[in-house]
1. What is the order of 115, 122, 145, 33, fewest Cβ neighbours within 10 Å to most?
2. Could you calculate the contour length gain from residue 38 to residue 77, that is, 0.36 nm times the residue separation minus the distance between their Cα atoms, to one decimal place in nm?
3. Which order results if 46, 135 are arranged by neighbouring Cβ count within 10 Å, fewest first?
4. If you take all C-alpha pairs in the stretch 15-56, what percent of them are over 13 Å apart?
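Coordinate-derived values only; no laboratory data. All values reported here derive from a predicted model rather than from experimental measurement. Neighbour counts run over all protein chains shown; Cβ positions are idealised from the backbone, glycine included.
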């Protein structure tokens, strides 16, 4: 399913090197959102077992949420297939979703009375980084999610070496 990469021959990698990558073509049909979430969970489980990464339950939940929102938007606004790429470092998982619509989305202003169209707001709120890039055909939206809970980072930073 996924392809690993190592920075050098001794198996050591820098914190920002991708340890595992996988790409998926989703048909854009009714089941593609659930299929994308399934791929994301399997990918993170592979990262846990094969790369021995500590992937928090929160990171799994947020990755599924982000995948669901991005693939839902691609399916809703762009005809045809959706491509999803997952990549993981020792610190974060990157979710990239490509669709054929070149229109760059933007989060709408907060409106508690609005029903729907909160997906991009949600994704921006739960990710460390969000980028939208127009491609020669369509666009690619990339989000980065921390593997560890924020409290884990704070605890590790405070504990003596």
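1. If I rank by nearby Cβ atoms, fewest first, I get 115, 122, 33, 145.
2. Residue separation times 0.36 nm, minus the Cα-Cα distance, leaves 11.8 nm.
3. Fewest-to-most Cβ neighbours within 10 Å comes out as 135, 46.
4. 60
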